[in-house]
Amino acid sequence: MALSRKKKIIIGVSAAALLGIVIIVSVFASRKEEPEVTTVKLQVRPELRQTVTASGEVRPIRYIKLTSEVPGRIEEIYVNAGDQVTKGKPLVRVDPTQLQSSQEAQWAATQASISDVQNARNAVSSQQQALVVAEASVAAARQQVVSLQTQVDRAQVDLNAAQRELKRNTDLIEAGVASRFEYDAAKDKYDQAKIALETAKANLEAQKIAVKEATERVNQQHIAVKEAQTSVKSSEMRANQQQAMLTGQQSQRSKATQLSPLNGVVADIPTRVGEYAVAGLSTTPLMTIADMSTINVEVNVDETEINNVAVGQEAKVKVDALGEKELKAVVVQRNPLAIAKSDQTGGLSNRVNVQEAKEFKVTLELKDIPDDIKNALRPGMSSTATITTKTKNNVLAVPLESIVEKAPTPTASPSATIAGNVPSPSPGGEKPKTQKGVYVIEGNKVRFIEVQTGITGEADIEVTSGLKADQEIVRGPSRVLKTLKDGMTVKRQVKKPGVNGNEAS
């Protein structure tokens, strides 16, 4: 159906009007507006703190995991988790029946061994008495030898006299002077003296044999005494062994009731009454006692910040369970061994992982803790520590979001980057040097000033050169800082009622 002339005119006029509106909107949109910025006036800060923040947990100064030292059925648990305990307080009792029986049996064996020792000592006394008797017999026999030797000597003298008398009578008979009767008498006397000498010698030899036999009996008795003494030593060693075993049984019996080894709090009780406690290689855990007299907080500090942390630095600790309360703390230890964030055990690994970030364990000791807070702290509570690593007084500082970095050469890209954003490497592979600075407002225009920075606080960074107090600098917004250039006209952002005019970067 063909359009009428009137409709064609209306369509043409509408198209022309629409085109004009588009052109007008494009013209207004193409106009460059002055960017709005938030500003801040520089002032000398009385104090600036550089801090390191790390998360961790509450740890006692020491804790002991009690395990069962003797096997048996758990009969009673005297405490509950969270209870305060003192050293020596009974904690857990294991059925002592079997231990008691073993102790009594060992006591009987010990008494028997002690009786054996006494019997052995009596045997030694008896053998020593027999030795004394044997030694006396040897002495008497030797004295008898002396007496018989005297008799032999006397008989020899008598024989010699009878022999001389016989020779004299023999000579007289041959001379016809003496009678035969006198000769026979001398001959009989000589024969009797000879027999007497032989008898005396025989008695002497018999007595010497008796002395040897008595001496042998003494030697045998010495051996018997030594054997008896050795038996005493063996009996004493067996008795000592039995006594040691009895002491061990008594010790095991006493361990049926587990006592607290320290003053602290019961942190965990994994066992229940009625369970069987096993001792040995796979001993049964009974409970964990934590010494809370001194409370530490262990946190993991990132490897990029650990060099700023040192022993003796002060810190503020917040425990999640206590809300916003801040507790004073001091760094007492910095572990020199790095651990991977995914490593739950710590220690050196056989494989170097360069892709994963590392952390270092830092121990802080809580100071001046009120009793109510100290009693509320429990091992394992999550906490956050803010460690003050460096402090400076009367410093000129600017907000962190005010710092920008940009290429130093005019031929480079005119855009700047917020501090922390690193420009792309040059085609040659070398990273171009950047200028760190801030934009100062002079009138309604901005000027980039390069600055030197010092320590970094939580929200501010120290400026050591390039700026003066009372200068007005651009703080943000960050999207505007990236587009600013020297000489650009800007408009100060006006805070609306009830709204914070500073935009987060």
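Here is a list: Thr215, Thr230, Thr150, Thr199. Which entry is at pLDDT 85 or above, closer than 30 Å to Val133 by Cα, out of contact with any Cys (no Cβ under 6 Å at 6 or more places or on another chain) and crowded, with 16+ Cβ neighbours inside 10 Å?
Residue meeting the stated conditions: Thr215.
Which numbered condition in (1) surrounded by 13 or more Cβ atoms within 10 Å (Cβ to Cβ); (2) under 30 Å from Gly280 (Cα atoms); (3) small (Gly, Ala, Ser) is the only one that Gly82 fails?
Unmet for Gly82, out of (1) surrounded by 13 or more Cβ atoms within 10 Å (Cβ to Cβ); (2) under 30 Å from Gly280 (Cα atoms); (3) small (Gly, Ala, Ser): (1).
For the stretch 269-290, which positions are modelled with pLDDT of 85 or more and in contact with a Gly (Cβ under 9 Å, 6 or more places away or on another chain)? Let's see the steps before the verdict.
First, pick out the residues of the stretch 269-290 that are modelled with pLDDT of 85 or more: 269-278, 285-290.
Of everything in the stretch 269-290, those that are modelled with pLDDT of 85 or more and in contact with a Gly (Cβ under 9 Å, 6 or more places away or on another chain) turn out to be Tyr276, Ala277, Ile289, Ala290.
Which members of the stretch 28-79 meet the condition of being among the hydroxyl-bearing types (Ser, Thr, Tyr) and either touching a helix residue (DSSP H, G or I) at 6+ places or on another chain (Cβ under 8 Å) or surrounded by 12 or more Cβ atoms within 10 Å (Cβ to Cβ) (or both)? Before you say what the answer is, go through the steps one by one.
The initial filter retains those residues of the stretch 28-79 that are among the hydroxyl-bearing types (Ser, Thr, Tyr), namely 30, 38-39, 51, 53, 55, 63, 67-68, 78.
If the condition is that a residue be among the hydroxyl-bearing types (Ser, Thr, Tyr) and either touching a helix residue (DSSP H, G or I) at 6+ places or on another chain (Cβ under 8 Å) or surrounded by 12 or more Cβ atoms within 10 Å (Cβ to Cβ) (or both), then Thr38, Thr39, Thr51, Thr53, Ser55, Tyr63, Thr67, Ser68, Tyr78 are the ones that fit.
Within the stretch 79-98, how many residues are farther than 10 Å from Gln258 by Cα and either part of a loop (DSSP other than H, G, I, E, B) or more than 25 Å from the chain's Cα centre (by Cα) (or both)? Walk me through how you get there before you give the answer.
As a first pass, look at the stretch 79-98 and keep what is farther than 10 Å from Gln258 by Cα: 79-87, 95-98.
Those still in the list that are either part of a loop (DSSP other than H, G, I, E, B) or more than 25 Å from the chain's Cα centre (by Cα) (or both) too: 79-83, 86-87, 95-98.
Adding up the residues that qualify gives 11.
Take the residues of the stretch 180-196 that are aromatic (Phe, Trp, Tyr) and farther than 10 Å from Ala162 by Cα: which is surrounded by the fewest Cβ atoms within 10 Å (Cβ to Cβ)? Lay out the reasoning, then the answer.
Applying the first criterion (aromatic (Phe, Trp, Tyr)) to the stretch 180-196 yields 181, 183, 190.
Those left that are additionally farther than 10 Å from Ala162 by Cα: 181, 183.
Values: Phe181: 9, Tyr183: 18.
Only one residue tops the list, namely Phe181.
Output the residue which, of all residues in the stretch 453-469 that are within 11 Å of Thr51 (Cα to Cα) and surrounded by fewer than 16 Cβ atoms within 10 Å (Cβ to Cβ), is farthest from the chain's Cα centre (by Cα). Write out each step before concluding.
Residues of the stretch 453-469 that are within 11 Å of Thr51 (Cα to Cα), as a first pass: 455-459.
Adding the requirement that they be surrounded by fewer than 16 Cβ atoms within 10 Å (Cβ to Cβ) leaves 458-459.
On the way: Glu458: 37, Ala459: 40 Å.
Here the residue is Ala459.
Can we say Ser101 is modelled with pLDDT of 75 or more, out of contact with any strand residue (DSSP E or B) (no Cβ under 9 Å at 6 or more places or on another chain) and not hydrophobic (A, V, I, L, M, F, W, C)?
Details: modelled with pLDDT of 75 or more: yes; out of contact with any strand residue (DSSP E or B) (no Cβ under 9 Å at 6 or more places or on another chain): yes; not hydrophobic (A, V, I, L, M, F, W, C): yes.
Against the criterion (modelled with pLDDT of 75 or more, out of contact with any strand residue (DSSP E or B) (no Cβ under 9 Å at 6 or more places or on another chain) and not hydrophobic (A, V, I, L, M, F, W, C)), Ser101 qualifies.
Which residue, of Asn393, Asn375, is surrounded by fewer than 17 Cβ atoms within 10 Å (Cβ to Cβ), at pLDDT 85 or above and not in a loop (DSSP other than H, G, I, E, B)? Quick ask: steps written out before the conclusion?
On the way: Asn375 fails: at pLDDT 85 or above.
It is Asn393.
Results for (1) modelled with pLDDT under 85; (2) of a type outside the set (Val, Ile, Thr), shown as yes or no for each residue.
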position	(1), (2)
Phe448	no, yes
Ala459	yes, yes
Ile473	no, no
Arg479	yes, yes
Asp486	yes, yes
Pro497	yes, yes
Ser505	yes, yes
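Inspect the stretch 330-348 for any residue being on the phi > 0 side of the Ramachandran plot, part of a loop (DSSP other than H, G, I, E, B) and modelled with pLDDT under 85 and give the result as yes or no.
Residues of the stretch 330-348 on the phi > 0 side of the Ramachandran plot: 346-347.
Restricting the remaining residues to those that are part of a loop (DSSP other than H, G, I, E, B) gives 346-347.
When the remaining residues are screened for being modelled with pLDDT under 85, the result is 346-347.
Yes: the stretch 330-348 contains one or more residues that are on the phi > 0 side of the Ramachandran plot, part of a loop (DSSP other than H, G, I, E, B) and modelled with pLDDT under 85.
Do the conditions hold for Ile289, that is, is it in contact with a strand residue (DSSP E or B) (Cβ under 9 Å, 6 or more places away or on another chain) and more than 30 Å from Glu275 (Cβ to Cβ)? Show your work before the answer.
Values: in contact with a strand residue (DSSP E or B) (Cβ under 9 Å, 6 or more places away or on another chain): yes; more than 30 Å from Glu275 (Cβ to Cβ): no.
Taking the combined requirement at face value, the residue does not satisfy it.
The values are calculated or read from the model by the stated rules, or taken from the named source; none is laboratory data. Just so it is clear, the structure is predicted and the values come from calculations on it, not from any experiment. So basically every Cβ, Gly included, is an ideal-geometry build from the backbone, and we count neighbours across all protein chains shown.
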